[in-house]
Amino acid sequence: MRATLNGIDVYYERRGSGPALLFLNGSGSTLANMAAVLEPFAARCELVAHDQRGLGLTEVPPGPYTMADYAADAAALLDHVGWERCRVVGISFGGMVAQELAVTWPERIERLALLCTSAGGPGGASYPLHELEDLTPDDRAARAPLLLDTRFTPDWLESHPADRALADLMASRAAAPRSDEQRRGEGEQLQARRHHDVFDRLGRISCPTLVAAGRYDGIAPPANSEAIAAGVPGADLRLYDGGHAFFAQDRQAFPEILEFLAVAG
């Protein structure tokens, strides 16, 4: 489905039944390459998710983009689908957008799940992914697994086939061919990401909030999630056995996150 939101053409999907849930994706991620992650949410909730500005099947408008732009797009999508209030889950960059949305329009959020993300400012920033472009291809390839999970040394991956498969999957996504326009959109997103800072506004979030992180995350280390949980009144902090993709590594993660988001009331 398509909608014009804040003057740009946005691609979104809506499916499932249950509590209304807005899903916000990570850096460079699209609905197409995150389909497997979306399915469990759609099985428990009425899910709405979109390719954020500059990515996937959504328009790549002129930059620069701001975190406020991304949050405003999310709010406009809620208006478009007729949701005055909903639950929200944000992964990585999507968690940053979710925070910006929740501190700007707290009255619209019923429950909030922030996964492997950061508040910025004194709360800690996620790894500056925009700097990876300055590395040589070999250095970038060596750095990427350790950002995904700080345990992912060559020796570790050699003896842990499932982790090797995860690292290979992420590497193949990063290496997929992109047009100049796609690269521009991804670059604009990373520039918006580097200026993210909601830390001093986290106290505005008034809904039940789950903050979840992987113990070995090299992009958004657990200390960043601890800072978010300390800043959001009544937030529940949970650490899982994994890295930036902990929800695919720790079998307890998805059921607990889904139970939090789908709970009645």
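Coordinate-derived values only; no laboratory data. What you are looking at is a predicted structure, and each value in this text was computed from that prediction instead of being measured. Every residue, glycine as well, gets a Cβ built from its backbone with ideal geometry; the counts of neighbours run over all protein chains shown.
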Open item on the list: Looking at the stretch 164-172, can you tell me whether even one residue there is surrounded by 12 or more Cβ atoms within 10 Å (Cβ to Cβ) and farther than 16 Å from F246 by Cα?
Closed with: yes
Open item on the list: Given the options G56, G82, G63, G7, name the one that is farther than 22 Å from A253 by Cβ and touching a Pro at 6+ places or on another chain (Cβ under 9 Å).
Closed with: G7
Task: the stretch 177-193, subset exposed (fewer than 15 other Cβ atoms within 10 Å of the Cβ) and of a type outside the set (G, A, S), residue nearest to the chain's Cα centre (by Cα) - done: Q191
TODO: Would you please name the residue that is farthest from G243 (Cα to Cα), looking only at residues in the stretch 73-99 that are acidic (D, E) and in contact (Cβ under 8 Å) with a residue 12 or more places away in the chain?
DONE: E84
Task: All helices (runs of 4 or more DSSP H) inside the stretch 90-176 with 2 or more residues being under 18 Å from the mean Cα position of the chain (by Cα) and closer than 28 Å to A74 by Cα - done: 93-104, 137-148, 161-175
TODO: Would you check which residues across the stretch 227-255 are surrounded by 17 or more Cβ atoms within 10 Å (Cβ to Cβ), part of a helix (DSSP H, G or I) and of a type outside the set (A, V, I, L, M) and list them?
DONE: G231, F246, F247, Q249
- [ ] Please identify the pairs in which a residue from the stretch 138-157 that is without any contact (Cβ under 8 Å) to a residue 40 or more places away in the chain has its Cβ atom under 6 Å from the Cβ atom of a residue that is hydrophobic (A, V, I, L, M, F, W, C) and surrounded by fewer than 18 Cβ atoms within 10 Å (Cβ to Cβ), counting only partners at least 6 apart or on another chain.
- [x] R140/L132
